[in-house]
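Reviewing the structure listed below.
The values are calculated or read from the model by the stated rules, or taken from the named source; none is laboratory data. In this text the structure is predicted, and so the values were computed from the model without any measurement. Counting neighbours? That spans all protein chains shown, and the Cβs are built from the backbone with ideal geometry, glycine included.
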Amino acid sequence: MPLLQARAVSVSRPGEAGRLQRVLRETTVHVDAGEVLAVVGPSGGGKSTLLRLFNRLLEADTGEILLDGVNIRTIDPPLLRARIPLVSQKPFLFSGTVRDNLQASARLRRSVLPDLNDPERQELLELCQLNPAWLDRDARKLSIGQQQRICLARALLGPCQALLLDEPTSALDRPTADLLAQTFRELASRKNLAMIVVTHDLRLAEYCADRLALLLNGSVVEEGPAARVLSHPATAEARQFLSLAPVENGETTA
Amino acid sequence: MNTTIIDLSLWDLITVYSLLLMSIGLAHLLKAGQSKDLFWSGLRMFVQLLVVGYVLHLVFALETALPVLLILTVMIGFAVQTIGSRVQVKMPHFYRIVGTAILFGCGGMTFFFCTLVIGLEPWYDPRYLIPLAGMVIGNSMTGASLAVERLAAEFRECREEIETALCLGSSVSLAAEPAVSSAFRAALIPSINAMAAMGLVFLPGMMTGQILSGTEPLIAVKYQIAIMCVITGSVSLTTFLILRLGYRSYFTPHQSLRED
């Protein structure tokens with residue numbers, strides 16, 4: 001059974017002139033533990049909406065989302081979100097030091113603050129390529145790339161089973177984005193995490209994803225091993241999108 | 001000491017209104033564009049206070065509770081309306097929340113003071129209850145306006161921070177805490193400043209009024225201290241209730257931020 005799956009979820013949102021617009025149409029995707037799924041598609045195609053359904057920032061009109069076979073509607077949202085944290089496009093750090101930020105998840109859950117010196121946490125920080133010498137620095141004064149790594153580590157320091165990443169590299173330059181993509185890959189396999197990365201950046205998808213789902217106008221038009229879909233798309237829609245989509249980061253904005 | 005009150009004749013009033021004419025002239029001179037506002041506000045003040053004067057005169061003479069309660073209800077209604085006019089984007093159930101908070105905050109504090117402290121007899125004695133409630137409601141209205149304005153601004157400007165907290169597994173109350181405490185601080189600033197500056201920068205209105213009408217200054221001072229405590233208590237309780245009842249309305253039942 002997949003760790004996390006969306007089964008035929010549909011969402012309508014008020015669009016222009018207040019008319020309801022269908023953002024997702026019976027969309028079905030799944031991701032296993034230790035696997036990275038990239039959900040790729042153009043801006044406004046419903047990617048972020050889909051991602052936000054998994055931690056109940058949004059609710060689907062129909063369909064269901066299962067974590068370990070359990071409908072997430074039966075899980076208390078704060079608990080669910082600690083188990084499936086979401087890292088957004090623009091890193092947001094609370095004011096304070098890097099350490100304060102890394103301990104924020106525990107503080108916000110009124111749980112015991114993690115000891116960042118214990119070997120397991122040290123390993124995690126290392127995987128996220130966070131320099132221990134930064135711990136007492138003002139978090140908001142670090143570079144955007146470093147800030148995004150703090151957000152990543154902060155999310156993973158909780159009781160995390162799966163990770164949601166919303167355009168995680170769109171604020172970064174190419175080399176930084178590539179390095180971060182490798183980090184995602186390693187984290188998924190080393191920590192046995194299920195990861196869903198939403199992006200319009202095909203290179204990020206290529207670098208980190210095991211499987212790829214192409215979402216156009218709220219429907220998954222093609223899904224399969226990332227390398228295969230990117231090199232030999234089976235459907236006409238996928239071929240058309242892939243021929244137009246930017247491979248370089250930062251050319252289009254989500 | 002002379003304790004007889006110097007009444008103002010109609011002629012005296014006309015004389016002071018000439019000062020308002022001077023203000024209108026000065027505003028006109030500087031092209032401040034306020035001449036009309038000054039004129040109409042001056043006129044409104046005259047009519048409104050005259051009506052209030054007659055109403056109070058009547059209520060004092062009636063010596064029953066009903067008209068007093070009616071006046072208090074009108075005051076609360078106006079206060080809620082005024083707070084509503086100050087914020088463009090209102091939280092859901094705005095009027096219900098603010099109305100309840102003012103009723104319990106101001107009502108509770110005024111009742112506490114009138115019955116437990118000064119032991120008003122009868123409990124509705126309009127000569128005490130109406131001006132005291134007026135001051136309590138007026139000040140709480142100012143505090144509550146500042147609080148709801150600030151709360152709305154915080155939820156608008158700090159969406160990212162609140163959503164980040166939610167995404168890390170925070171409860172809505174903890175995620176909203178910075179916004180709620182900032183709103184509470186904003187509401188209490190006027191009371192804190194007023195207490196700190198009292199007697200040094202200005203002589204407060206009620207105390208001045210009592211002294212002018214012949215009350216012994218030390219009694220007036222004690223009343224002023226008491227009323228400031230009641231006002232501060234009421235501002236904090238009213239604001240606290242509004243914030244506690246109100247912050248949840250920015251979240252959905254499944255504990256995420258409302259989109260709008």
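Below are the figures for this structure:
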{"quantity": "One residue from A:A205, A:A227, A:A213, A:A236 being crowded, with 22+ Cβ neighbours inside 10 Å, among the small types (G, A, S) and over 17 Å from A:Q5 (Cα atoms)", "calculated": "A:A205"}
{"quantity": "Which numbered condition A:S111 fails, given (1) among the small types (G, A, S); (2) outside any helix (DSSP H, G or I); (3) away from every other protein chain (no Cβ under 14 Å)", "calculated": "(3)"}
{"quantity": "All positions within segment B:61-87 that are over 23 Å from B:G108 (Cα atoms) and in a helix (DSSP H, G or I)", "calculated": "B:A61, B:L62, B:S85, B:R86"}
{"quantity": "Residue among A:R81, A:R99, A:R73 that is charged (D, E, K, R) and not assigned by TED's automatic domain parsing to the domain that holds A:L3", "calculated": "A:R99"}
{"quantity": "Set A:V11, A:V39, A:V31: member being within 13 Å of chain B (Cβ to nearest Cβ), surrounded by 14 or more Cβ atoms within 10 Å (Cβ to Cβ) and either touching a Leu at 6+ places or on another chain (Cβ under 7 Å) or without any contact (Cβ under 8 Å) to a residue 40 or more places away in the chain (or both)", "calculated": "A:V11"}
{"quantity": "Boolean, A:S219 is among the polar types (S, T, N, Q) and out of contact with any strand residue (DSSP E or B) (no Cβ under 8 Å at 6 or more places or on another chain)", "calculated": "no"}
{"quantity": "Criterion: crowded, with 23+ Cβ neighbours inside 10 Å, part of a helix (DSSP H, G or I) and away from every other protein chain (no Cβ under 12 Å) - qualifying residue of A:L24, A:L50", "calculated": "A:L50"}
{"quantity": "Matching residues in segment A:62-99 - criterion: being more than 10 Å from chain B (Cβ to nearest Cβ), in a loop (DSSP other than H, G, I, E, B) and more than 17 Å from A:L215 (Cβ to Cβ)", "calculated": "A:D68, A:G69, A:I75, A:G96"}
{"quantity": "Flag for A:F94 being out of contact with any Leu (no Cβ under 6 Å at 6 or more places or on another chain) and either surrounded by fewer than 18 Cβ atoms within 10 Å (Cβ to Cβ) or farther than 25 Å from A:A245 by Cα (or both)", "calculated": "yes"}
{"quantity": "Members of segment B:162-177 that are in contact with a helix residue (DSSP H, G or I) (Cβ under 7 Å, 6 or more places away or on another chain), within 9 Å of chain A (Cβ to nearest Cβ) and part of a helix (DSSP H, G or I)", "calculated": "B:A165, B:L166, B:C167, B:V172, B:L174, B:A175"}
{"quantity": "Matching residues in segment B:131-165 - criterion: being closer than 21 Å to A:A153 by Cα and either in contact with a Lys or Arg (Cβ under 6 Å, 6 or more places away or on another chain) or without any contact (Cβ under 8 Å) to a residue 60 or more places away in the chain (or both)", "calculated": "B:E160, B:E161, B:T164, B:A165"}
{"quantity": "Tally of residues being within 14 Å of another protein chain (Cβ to nearest Cβ) and either among the hydrophobic types (A, V, I, L, M, F, W, C) or buried (at least 20 other Cβ atoms within 10 Å of the Cβ) (or both) across segment B:128-161", "calculated": "1"}
{"quantity": "A:L193 being under 26 Å from A:R56 (Cα atoms) and either among the small types (G, A, S) or within 14 Å of chain B (Cβ to nearest Cβ) (or both)", "calculated": "no"}
{"quantity": "In segment B:121-139, the residues that are within 27 Å of B:V98 (Cβ to Cβ) and outside any helix (DSSP H, G or I)", "calculated": "B:W123, B:Y124"}
{"quantity": "Hey, A:R211 of a type in the set (D, E, K, R), in contact (Cβ under 8 Å) with a residue 60 or more places away in the chain and in contact with a Phe, Trp or Tyr (Cβ under 9 Å, 6 or more places away or on another chain) or not", "calculated": "no"}
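Okay, residues lined up against (1) of a type in the set (D, E, K, R); (2) under 28 Å from B:S171 (Cα atoms); (3) not assigned by TED's automatic domain parsing to the domain that holds A:R81:
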| position | (1), (2), (3) |
| --- | --- |
| A:L127 | no, no, yes |
| A:A153 | no, yes, yes |
| A:D173 | yes, no, no |
| A:L179 | no, no, no |
